[in-house]
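Engineer: My structure is below; once you've seen it, I'll send some questions.
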Amino acid sequence: MSLISVIATIGIVQGIFILLLLLSKKDKSLTTKFTICLFIVFIIDLTWYLLYLQGLLIKFWYLYGIEYLVLYLYGPILYLYVRSHFRADIFNTIFPKVFLHFIPAIVIYISMSSLLFREETITFLNSFKFSDYQIFSKYSLHSIIFNFSLWYIHVIVYLFFTVKFIKDMKNDD
């Protein structure tokens with residue numbers, strides 16, 4: 001087992017331990033619920049990475065694509081976690097709007113899941129001739145979308161709104 005696998009395993013065990021502590025709390029505030037969601041996403045992320053490192057994704061091929069779902073969940077959960085610290089009452093009035101934050105994660109997961117798309121997408125993209133060179137021949141759909149920085153843009157947008165929200169809350173005080 002490599003050092004990075006050991007570190008990932010330790011992270012998973014620590015994450016599960018903290019998750020169990022949070023779940024054992026009797027009165028769970030909205031902030032605690034978002035913390036629980038954050039640790040669940042963290043544990044799934046590290047578990048997928050450990051499966052990847054150990055070469056077990058070939059055996060569990062249907063898990064491919066979950067890493068994208070997890071990556072796109074960090075931003076909304078972090079934003080809603082911070083928002084619940086300052087304005088927990090706002091979730092009572094606009095709770096259905098909270099789910100709108102998770103639409104990008106769901107769309108990205110569906111479009112990048114190995115259950116839906118495989119090499120057919122690369123063949124389709126290569127049918128558009130920009131030149132004699134097949135521009136997408138060395139890439140899978142996953143790397144094309146991911147390399148065009150959707151995740152970075154997503155994270156930057158959520159960090160911007162989180163910082164803006166915190167500044168607005170400081171100005172209200």
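The values are calculated or read from the model by the stated rules, or taken from the named source; none is laboratory data. Not measured: the values here are computed from a predicted model. Reconstructed Cβ throughout: ideal geometry from the backbone, glycine too, with neighbour counts over all protein chains shown. Protein only, heavy atoms only, side chains kept; ligands, DNA and RNA dropped before computing areas. Shrake-Rupley method; radii C 1.70, N 1.55, O 1.52, S 1.80 Å.
Engineer: Along Cα→Cβ, 7 Å out, is where each label goes; now give me the distance between the ones at GLN14 and VAL155 in nm to one decimal.
Structural biologist: If labels sit at GLN14 and VAL155, their model points lie 1.9 nm apart.
Engineer: So, one more: If you add up the charges near TYR74, with Lys and Arg at +1 and Asp and Glu at -1, over every other residue whose beta carbon is less than 12 angstrom from its beta carbon, what do you get? All intermediate terms of the calculation are to be shown ahead of the outcome.
Structural biologist: Working: positive: none; negative: ASP45, GLU67.
Computed value for this residue: -2.
Engineer: Can you pull the accessible area of HIS85 for me, 1.4 Å probe, Å² to the nearest 10?
Structural biologist: 110
Engineer: Okay, moving on. What residues from region 1-31 fall in the zone where the backbone N is under 19 Å from a label point 7 Å along the Cα-to-C-beta line of ILE58?
Structural biologist: Only 1-2 fall inside the zone, counting backbone N under 19 Å.
Engineer: How much length would be gained if the chain were fully extended between LEU3 and THR32, taking 0.36 nm per residue of separation minus their Cα-Cα distance, in nm to one decimal? The partial results should precede the final answer.
Structural biologist: Numbers: separation 29, 0.36 × 29 = 10.44 nm, distance 3.20 nm.
Length gained between LEU3 and THR32: 7.2 nm.
Engineer: I'd like the FRET efficiency for SER24 and PHE102, computed as 1/(1 + (r/R0)^6) with the beta carbon distance as r and R0 of 30 Å, rounded to 0.05.
Structural biologist: Numbers: r = 26 Å, r/R0 = 0.88.
Efficiency at R0 = 30 Å is approximately 0.70.
Engineer: Over 31 Å between Cα atoms, which of LYS59/LYS97; LYS33/LYS167; LYS33/LYS164; LYS25/LYS97 qualify?
Structural biologist: Checking Cα-Cα distances, LYS59/LYS97 exceed 31 Å.
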